[in-house]
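No value in this document is a laboratory result; all are computed from the given coordinates. Every value quoted in this text rests on a predicted model; they were computed, and no experiment measured them. Reconstructed Cβ throughout: ideal geometry from the backbone, glycine too, with neighbour counts over all protein chains shown.
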Amino acid sequence: MTNPLYDTIFAPHAGKQTPFLYLPDGSVITHDSFVRRAAQLAHALAGYGVGTGDRIAVQVEKCPDMLALYAACAQAGIIFLPLNTAYTGAELAYFVEDSGAKLLIGDPARGAELQGVADKAGAAFATLDARGGTLSDAADGQADTYETVARSGDDLAAFLYTSGTTGRSKGAMLSQNNLISNAKTLTDLWRFTSDDVLLHALPIFHTHGLFVATNVMLVAGGAMAFLPKLDIDQLIDWMPRATAMMGVPTFYTRLLDDARFDRALTQDMRLFISGSAPLLSDTHVAFEARTGHRILERYGMTETNMNTSNPYDGYRRAGTVGLPLPDVALKVCDADGTELPRGETGVVEVRGPNVFQGYWNMPEKTAEELRGDGFFITGDLGVQDADGYVTIVGRGKDLIISGGYNIYPKELELVLDTQPGVLESAVIGVPHPDLGEMPLAVLVPEGGAQIDIEAIGRAVADDLARFKQPRRYEIRESLPRNTMGKVQKAALRSEYGA
Ligand code: MLC
Ligand code: AMP
């Protein structure tokens, strides 16, 4: 193979007139037209001076061209760096500068702002959305074949940024083999074939919607109902024409809240998969009672793609994330990395072809989390039972997961601490019926100062994407600390969590 990722996932589709993307307006993109569009986009990228090994930062709404850009990057050996469309200009500037991206591709409606971000970072700028843009214009007249650039499986295919406990985002470097191994393993494990139609309502800038869903469907040669976002009416409308769905737990709780969602509607579905955040056992049980389907829960992360899955044929155990994938080694360890006996709770560590290559330009961070023997320290607390099923019982890392998006409290605290009248802050996750968790900010005023919460709400909006912004503020005289001076977040969670 000259380019394992392109040759495995995209090349087999050239010439196939079968449906790949069903779009909400009724139009269909075939497998063949998808790879042809990718080739045109690869030519357009070359026109912007982007070449093999370069990075491109892509903050583009979910649309077929955004997905085809991923294929174009694979074909041209360019490293694809997709970014959440909710990120502010300030957040984006960090990613473009840190990654050294040669080109930023963004929303035409934010053209002036993003051009400024690109200029500051010394990157070129192009626009793209579902209606077009300068990149799409540049692609339109190009040849629809492109000579695939030779790459090895160890070459990098993508960067996905993930925040950390220090508040500074880290670029997780994913190789071609990282993506290929997961794509093949999951296609087999979940029995995807060319007969499948996947309901795809997830964003395509994260592991779940991009690599898990898209790569699996391409390896299988199936189709996707490619929906812009989670819209329950649309999901219900498409369900009788689909065979499978992948979603975060909010997808399942919202479906259950709708009386139209029942056994008849799901009778032709064969598989519902959940991940990215804990699925409550209650949801699992209610879903089976309503539809007769047992949700298949799996567990993964940006740095490792998927690690475990409940079985397709065997018992799907509610509240567990199932068994390690066939090519993944998993152990539950103490803080020193010593494996604990089955049944004891500790930190989950994983090793396998799915595990990333390290954090871009952060060798110390990489060494802290990726052991010399290849085991990655996930920061999740888990327990494995005698049958091998893994349950995630909590997180060692200070992380909030809201509707499947990660929010690192430190990043918010750094912004809040600089606000007028604020001496210090602590951000905690509190339960939320729809999104699982949401961030609550506890603020301590400087001696005698008045804190203007509305002004703070407006100020954080410049720095933080909306989904990260605290939904509730509490003011108190001081933060509870232990004898070492560390803020006791558990105490705050039990005080405000209800
Ligand atoms: C949207 N909003 C959120 C939010 N999503 N707030 C907190 N958390 C979220 N996840 C806010 C918006 O800013 C807006 O705020 C309001 O909610 C309505 O926006 P929306 O776009 O209409 O929201 P909605 O469609 O309801 O989106 C909710 C959601 C979506 C849960 C469907 O966030 C989603 O698709 N999440 C999936 C995330 C995902 O793919 N994660 C995978 C990561 S990969 P306002 O105030 O302006 O109205 C990974 C590895 C693995 O974790 O294992 O898979
Ligand atoms: P991210 O960094 O966005 O990739 O988020 C990965 C994190 O999501 C993991 O480290 C877990 O904490 C969490 N996660 C993913 N899937 C599950 C799941 N099925 N159950 C519980 N937590 C999950």
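Starting from the Cα of K16, draw a straight line to each of the aspartates and glutamates and keep only those under 20 Å, dropping any in the same chain fewer than 8 residues away.
Correct list for K16: D7, D32, D65, D144, E147, D195, D196.
As an exercise, identify the GluC sites (Glu not before Pro) in the stretch 288-364 lying in DSSP coil whose Cβ has no more than 12 other Cβ atoms within 10 Å. Before the final figure, lay out the partial values.
Values: sites: E288, E297, E303, E339, E344, E349, E364; in loops: E303, E344.
Those that pass, being in a loop and sparsely packed, are E344.
Provide the FRET efficiency to the nearest 0.05 for the D282-D237 pair, computing r from the beta carbons and using R0 = 22 Å.
That pair, D282 with D237, gives E of 0.25.
Can you give the net charge of the other residues whose Cβ lies under 12 Å from the Cβ of A118, counting K and R as +1 and D and E as -1?
0
Where a ≥ b ≥ c are the square roots of the eigenvalues of the C-alpha gyration tensor, would you call the stretch 197-395 rounded, which needs a/c under 1.5, or, failing that, prolate if a/b is larger than b/c, or oblate?
In terms of gyration-tensor shape, prolate.
Hey, what do the phi angles of the stretch 392-408 turn into as Karplus ³J(HN,Hα) couplings, whole Hz, using 6.51/-1.76/1.60 and θ = phi - 60°, x for Gly and Pro?
Running phi through 6.51 cos²θ - 1.76 cosθ + 1.60 with θ = phi - 60° gives 8, 9, x, 10, x, 7, 7, 9, 10, 10, 10, x, x, 9, 8, 10, 9 Hz.
Enumerate the calculated ³J(HN,Hα) couplings along the stretch 460-473 in order (Karplus 6.51 cos²θ - 1.76 cosθ + 1.60, θ = phi - 60°), each rounded to whole Hz, writing x wherever the residue is Gly or Pro.
With coefficients 6.51, -1.76 and 1.60, one gets 5, 5, 6, 9, 10, 3, 3, 5, 8, 5, x, 8, 8, 10 Hz.
Using Cα pairs closer than 8 Å and at least 6 residues apart in sequence, work out the relative contact order for the stretch 298-371, in percent.
24
What's the FRET efficiency of T338 with D434 using the Cβ-Cβ distance as r and R₀ = 45 Å, to the nearest 0.05?
The calculated FRET efficiency here is 0.70.
Of the cross-linked pairs K229/K365; K102/K170; K331/K486; K120/K468; K170/K489; K62/K170, which ones have a Cα-Cα span greater than 27 Å in the structure shown?
Cα-Cα > 27 Å for K229/K365; K331/K486; rest within.
Over the chain, what is the relative contact order in whole percent, taking alpha-carbon pairs under 8 Å and six or more residues apart? The partial results should precede the final answer.
On the way: 1077 pairs, mean separation 57.6, N = 498.
Once normalised by length, the contact order is 12 percent.
How much length is gained if the chain between R472 and R290 is pulled fully straight, taking 0.36 nm per residue apart and subtracting their Cα-Cα distance, in nm to one decimal? Numbers along the way, then the final one.
Values: separation 182, 0.36 × 182 = 65.52 nm, distance 3.38 nm.
Working it through step by step, the gained length comes to 62.1 nm.
Using amide H atoms built 1.01 Å from N in the peptide plane, name the residues 5+ places from L325, or on other chains, whose amide H lies under 5 Å from its own.
Excluding prolines and chain starts, which carry no amide H, the hits are T308, S309.
Just to confirm a number: summing +1 for Lys and Arg and -1 for Asp and Glu over residues other than G447 whose beta-carbon lies under 15 angstrom from that of G447, what do you get?
Values: positive: R476; negative: E424, E446, E477.
That works out to -2.
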